[in-house]
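Okay, structure first, notes after.
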Amino acid sequence: MGHLITVATCSLNQWALDFKGNLARTLESIRIAKERGATLRIGPELEITGYGCADHFLEGDTYLHSWEVLGQILTSKEAEGMLLDVGMPVMHKNVKYNCRIIIQDSKILLIRPKMFMANDGNYRELRWFTPWAKQRTTEEYYLPRMIQKITGQVTVPIGDAVIATHDTCIGVEMCEELFTPNSPHIGLSLDGVEIITNSSGSHHELRKLHTRMELIKEATLKSGGIYLYANQKGCDGDRLYYDGCALIVVNGEVVAQGSQFSIGDVEVVTATIDLEDIRSFRSACSRGIQAASSPSYRRIQANMALSDGRLEDNPAIKPTVIKPVFYHTPEEEISLGPACWLWDYLRRSKTSGFFLPLSGGIDSCATATIVASMCRLVVKSCAKGDQQTIADARQVTGETAETGYIPTDPQEFASRIFHTCYMGTKNSSNDTRARAKELAESIGSYHVDLNMDTVVAALQALFTLVTGKTPAFRAHGGSNVENLALQNIQARLRMVIAYIFAQLLPWVRGRPGSLLVLGSANVDECLRGYFTKYDCSSADINPIGGISKSDLRRFIAYAQLAFNMPILE
């Protein structure tokens, strides 16, 4: 006879220090998981505070407010009858830890600190947190008095331990710990832990999902078990985009996979699994020999069972079947990842849209196409009835609920929030001017076409008036120094023009707010320094700043067909 359980993991769009909003999204994910019959739910890393709080993790108030939010989760109706894995920072003996809090029915069972920190590339966790160095060891943690009143507990275990229910055993592995050579899941599985949870704050890079997926599958491919992966999603206030893709893996095979790119705030992934599949998978003699000599973890008892006899009694309920892993192509990743990030940044900035200088070249074209992709995602989400997206779209466009406005057409929505401008001179070609105009029409942006010769001439005249010297282009007999300075005048004036138009175009159109200026410098130019300082690559945000020229070319070729935009050819 099988032992069927339903488990849930999720991707949440948590904002740094948005305690009220983060609580609402956490409770919503618990509600959805419970509605689907799950008895175990895990969330992303540091979900109560948001992952990107940076030096706010050094402030005592961050820890105080985290406990206040946890208290509301402990007393919520959503949390009743479930085993929950929630993330927040905890200070123990004056040392700051990045922790998972395991709770059940208004009780805290375990505080499990992170043992291996992410501290390279984009991550600086050792600046804020200390790794827990005492493997397979726990201490007593004295709870804040406001939590003691809720749980009736004075102390709870903190450290490296596992949770034992009536029918199975659950262990924790956190984000970077999966990527280490001697990952905790090895010892956990040998000690009989059947469910391993991994709560992450993993950001998007092109083609990175393949690496992450292989590591997660490998974690149970040899040792067997259930692996639940939760991840932050969206832009929580920094340059990174966290790409969700919550996973449930059983014995090295994926049975449930969430979306990698979505502008929705809450996504819950569930699966029904037979615990007997884990036990039969682990029947190999060699595994038994290693497990028999493996050091033990302290088991903390949870007075509940994850399995429910009603599942076994219903012949229509069967374990979730294995499904093929879904990967986006790199071109799709470029169209979706930066687009989701732009939408998060726009709605949180409370501005009215974007302003982009269009040159008629491929880089600004790629940036504009990513904004077009964003508009398509917003319309698609609104069509599904996502109330948060509808509310955000009304906020950005200056509409209210009374008007009943809901974006239904990407071009119409772009005409409200996307502003483009071709800043030409007498040296500009008709081809680039025409391409910029046609691209703007294809996307639906509010487009301005101007000549800036008078502004350039005024600056040159000022220099001549002050110095008595008149610089000339090389083609007119000038030196290299003169030639470069004159080229940079045009480039830098474009930045000044971009910002005045970004600030005043909404006013011109009778709308509130201002616009975020978009840059279009690709990663090759940034790495080589191949750009003019303080030209129109100096912007509020640069959606293509981490993408190579070769990838952008492939993206444009993809978008030409996928978005039906012949101008991209």
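Hey, what number do you get for the chain at 222 nm if only DSSP H runs of n ≥ 4 count, each worth -39500 (n - 2.57), divided across all residues, to the nearest 500?
Computed mean residue ellipticity for the chain: -12500 deg cm²/dmol.
Go through Thr39, His328, Met88 and say which Cα lies farthest out towards the positive end of the charge dipole of the chain; charges sit on Cβ, +1 for Lys and Arg, -1 for Asp and Glu.
It is Met88, whose Cα lies furthest towards the positive end.
Out of all DSSP beta bridges with both ends in the chain, state the antiparallel percent to the nearest 5.
Of all bridge pairs located within the chain, approximately 55 percent are antiparallel.
Taking the chain as the reference, fit the longest principal axis to its C-alpha atoms, fit the long axis of helix 60-74 to the helix C-alpha atoms, and give the angle between the two in degrees, 0 to 90, nearest 10.
Long axis of 60-74 versus the principal axis of the chain: about 60 degrees.
Leaving out ligands and nucleic acids, note down the accessible area per residue over the range 485-569 with a 1.4 angstrom probe, in whole Å².
53 Å²
Considering Cα pairs under 8 angstrom that are at least six residues apart, work out the relative contact order of the range 221-297 and quote it in whole percent.
25 percent
Considering only Cα-Cα distances, which of the following residue pairs are longer than 27 Å: Lys208/Lys549; Lys77/Lys134; Lys93/Lys114?
With Cα atoms farther than 27 Å apart: Lys77/Lys134.
Can you list the lysines whose alpha carbon is less than 21 Å from that of Lys426, not counting same-chain residues fewer than 8 positions off?
Candidates past the 8-residue exclusion: Lys437.
So which GluC sites (Glu not before Pro) in the range 56-110 end up in coil per DSSP with only 14 or fewer other C-beta atoms within 10 Å?
Sites meeting the loop and neighbour criteria: Glu59, Glu80.
Using only Cα atoms, tell me the angle between helix 480-508 and the longest principal axis of the chain; keep it within 0 to 90° and round to the nearest 10.
70 degrees
So what is the relative contact order of the chain, in percent, for Cα pairs below 8 Å that sit 6 or more residues apart?
Over the chain, the number comes to 12 percent.
The values are calculated or read from the model by the stated rules, or taken from the named source; none is laboratory data. This is a predicted model, so every value here is computed, not measured. Cβ sites come from the backbone with ideal geometry, for glycine too, and all protein chains shown count toward neighbours. These accessible areas exclude ligands, DNA and RNA; they are computed on the full protein's heavy atoms, side chains included. Shrake-Rupley method; radii C 1.70, N 1.55, O 1.52, S 1.80 Å.
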